[in-house]
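Input: a single structure, listed below in structure tokens.
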Amino acid sequence: MSLALYRKYRPGTFAEVKGQEHVTEPLRQALRSGRIHHAYLFSGPRGCGKTSSARILARSLNCEKGPTPDPCGECESCVALAATGPGHLDVIEIDAASHGGVDDARDLRERAFFAPVSARFKIYIIDEAHMVTREGFNALLKLVEEPPPHLKFVFATTEPEKVIGTIKSRTHHYPFRLMPPATLRQLMEEILESESVPYEPAALPLVVRAGAGSARDSLSILDQLLAGAGDGGITYQRAVSLLGYTDGDLLDEVVDAFARRDGAAVFHAVNRVVEGGHDPRRFATDLLERFRDLVILSNVPEAASSGLLDRPADELERLKVQAASMGPAELTRAAEVFNAGLTEMRGATSPRLLLELMCARVLLPAAEQGEAALLTRLERLERGIPAGGQVLSAPVASAPVATPAATTPPASAPPAAPAQVPHPPQAAPAPRAEGSQTPTSAGEAPAADDWPTPVRPGAPAAAPAPTAPAAASPAAAGSGPVQQAWPQVLEAIKNRQRVAWMILNAQGRLLGVEGNVVTVGFEKPGDVQGFLKGKRDEVVAAALSDVLGGTWRVDVVVGGSGPGPAGPATRGPSGPQGPAAG
């Protein structure tokens, strides 16, 4: 009959304890210097080495060559307290889950004063110490506070907050941690080599993930895989089927379908998962884990070499292609959708329906409002994929608005032709009902029939030209240089912060300029709040300083629904009083 791996490879010295150097090194130093306390508290998650370290401490204290940080392993005490040893009379292990009452504490207190049988110290290892009742702790309090010279206590618990403060204050507390994945994988590779069992490297990350940082749980899972392994050893397919994880090929297929916006392939994959008897929650969890890897890889291309991702080389190549096909914003949004959906799945009546709804949200970012959905749509447009929505800044020159503010000459010129901005005021003062005027630029709207006839006589040549800008509003009069240079300003914003450029190019409008204050409008109050929350107005002001020089301030308001970068707004400086003054 074979021995379980977690018992067969249980550490026998502090040097063999993996991943707990922050605990073992101070204990070894205390044993070297002889500063040994009478009571210790070992806390941490299950399977991380608390009880094993307590036994090693007992071996180190009772070794014939000790107290020593490295037990000899040959004396009677070391042999009895080995991983496969029978135990020692002077080292008493108590399970507090079944012996945590006040009567058990009184019995321990009465027997504790007897001298050890053959060892140097009598050591009590109280496992699951948080199960001791308050009355039991109070019965032990005086003994733990002032024990006889031959008595030592080691409390081990997964919930140190349940140990009463009076006991905790008398102990030296050492918190254990979960074992790092790299350390755990190295430990399993050493065990498989010593057992002479072949294995596929892709199977070990699944065991590490299932063990969740617990050495004992991971070795139990590895033992189960070893029991069912054939002549080929531990294979990836056997580990996937046994542990219930989603096959990597299926995850690749779903992610590629998301990148292509192929809804049919996505929902066919979901149907295969459900028809195959797999848990939709497990599939959603595995897909969220894949999106996490892709998000890291899209932001840190050297994640594999830096240790952020532990994946085989062939899988890393596939992940790089997938990260490039979706983009950081789309990957982040997909991860957020699945993370929120997993929370909703707890106790859900129809997990399959929720899984399909999550997939639909990832496929259709245009159905949601917010910055994440907007950035996803813009990313898809940049890659040439239809995003399901229109960018409002495209049809600027072909959508004039027949309002008094829209007929203001500087506001009607498109941002793509800044050289034509000074000319429209020359043709504006001569509106006639015949409609015989020819606009001086392609984007200028003709004068309306109900405008009053100007009092100025003569032809609208050179004389009225200098007076037209002076009669306009201050914002319109001062926006000429800024409007002419607005394409260069947008390019400077793009170089400084791409997100600010995308939001401003898609939703923002240049409304006017008054002194060194530039007014930018958005159609929705939420867009204004998001723009100001990200301090993107400071980015626009810095870009203005780069292009035009000087110091600028950006005022973000709700307005600017008209076409072009100088449409009508709801604020005074860029309102409709410009043409009325003319």
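The values are calculated or read from the model by the stated rules, or taken from the named source; none is laboratory data. Source: prediction; values computed, not measured. Cβ: placed from backbone, ideal geometry, glycine included. Neighbour counts: every protein chain shown.
Here are the numbers for this structure:
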| quantity | calculated |
| --- | --- |
| Set Gly73, Gly85, Gly66: member being over 43 Å from the mean Cα position of the chain (by Cα), touching a residue at least 12 places away in the same chain (Cβ under 8 Å) and under 27 Å from Pro148 (Cβ atoms) | Gly66 |
| Subset of region 106-137 that is under 42 Å from the mean Cα position of the chain (by Cα) and outside any loop (DSSP other than H, G, I, E, B) - its residue that is farthest from Lys65 (Cα to Cα) | Arg134 |
| Options Gly211, Gly232: the member that is touching a residue at least 12 places away in the same chain (Cβ under 8 Å), small (Gly, Ala, Ser), surrounded by fewer than 14 Cβ atoms within 10 Å (Cβ to Cβ) and not assigned by TED's automatic domain parsing to the domain that holds Val23 | Gly232 |
| Checklist (1) within 30 Å of Gly327 (Cα to Cα); (2) modelled with pLDDT of 90 or more applied to Met188, failing item | (1) |
| Residues of region 275-285 satisfying the condition of being closer than 29 Å to Leu374 by Cβ and in contact (Cβ under 8 Å) with a residue 60 or more places away in the chain | Phe283, Ala284 |
| Set Ala119, Ala105, Ala112, Ala129: member being surrounded by 16 or more Cβ atoms within 10 Å (Cβ to Cβ) and in contact with a Phe, Trp or Tyr (Cβ under 6 Å, 6 or more places away or on another chain) | Ala129 |
| Scan of region 342-363 for residues that are charged (D, E, K, R) and touching a Phe, Trp or Tyr at 6+ places or on another chain (Cβ under 8 Å), ordered by number | Glu356 |
| Hits in region 234-256 - residues which are farther than 18 Å from Pro280 by Cα and either of a type in the set (Lys, Arg) or in contact with a helix residue (DSSP H, G or I) (Cβ under 8 Å, 6 or more places away or on another chain) (or both) | Ile234, Thr235, Tyr236, Arg238, Ala239, Asp256 |
| Residue in region 243-251 that is within 21 Å of Met326 (Cβ to Cβ), in a helix (DSSP H, G or I) and among the polar types (S, T, N, Q) present | no |
| In region 503-552, the residues that are over 16 Å from Ala485 (Cα atoms), outside any loop (DSSP other than H, G, I, E, B) and without any contact (Cβ under 8 Å) to a residue 40 or more places away in the chain | Phe522, Pro525, Asp527, Val528, Gln529, Phe531, Leu532, Lys533, Arg536, Asp537, Glu538 |
| First in region 479-497 and over 17 Å from Arg536 (Cα atoms), second anywhere and among the aromatic types (Phe, Trp, Tyr) and buried (at least 19 other Cβ atoms within 10 Å of the Cβ), Cβ under 7 Å, 6 or more apart | none |
| Helices (runs of 4 or more DSSP H) within region 1-97 that include 2 or more residues crowded, with 19+ Cβ neighbours inside 10 Å, among the hydroxyl-bearing types (Ser, Thr, Tyr) and touching a Pro at 6+ places or on another chain (Cβ under 8 Å) | 50-62 |
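Listed here are the residues, each with its yes/no results for (1) in contact (Cβ under 8 Å) with a residue 40 or more places away in the chain; (2) crowded, with 17+ Cβ neighbours inside 10 Å.
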residue	(1), (2)
Leu287	yes, yes
Phe291	yes, yes
Val295	yes, yes
Ala303	no, yes
Gly307	yes, no
Arg311	yes, yes
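Residues checked against (1) on the phi > 0 side of the Ramachandran plot; (2) surrounded by fewer than 18 Cβ atoms within 10 Å (Cβ to Cβ):
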position: Arg216; (1), (2): no, no
position: Ala227; (1), (2): no, yes
position: Leu242; (1), (2): no, yes
position: Arg261; (1), (2): yes, yes
position: Ala265; (1), (2): no, yes
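Here is a yes/no grid of residues against (1) outside the structural domain of Leu374 (by TED's automatic domain parsing); (2) modelled with pLDDT under 85; (3) farther than 23 Å from Ala329 by Cα; (4) of a type in the set (Phe, Trp, Tyr):
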| position | (1), (2), (3), (4) |
| --- | --- |
| Trp486 | yes, no, yes, yes |
| Val499 | yes, yes, no, no |
| Arg509 | yes, yes, yes, no |
| Ala543 | yes, no, yes, no |
| Gly550 | yes, no, yes, no |
| Ala566 | yes, yes, yes, no |
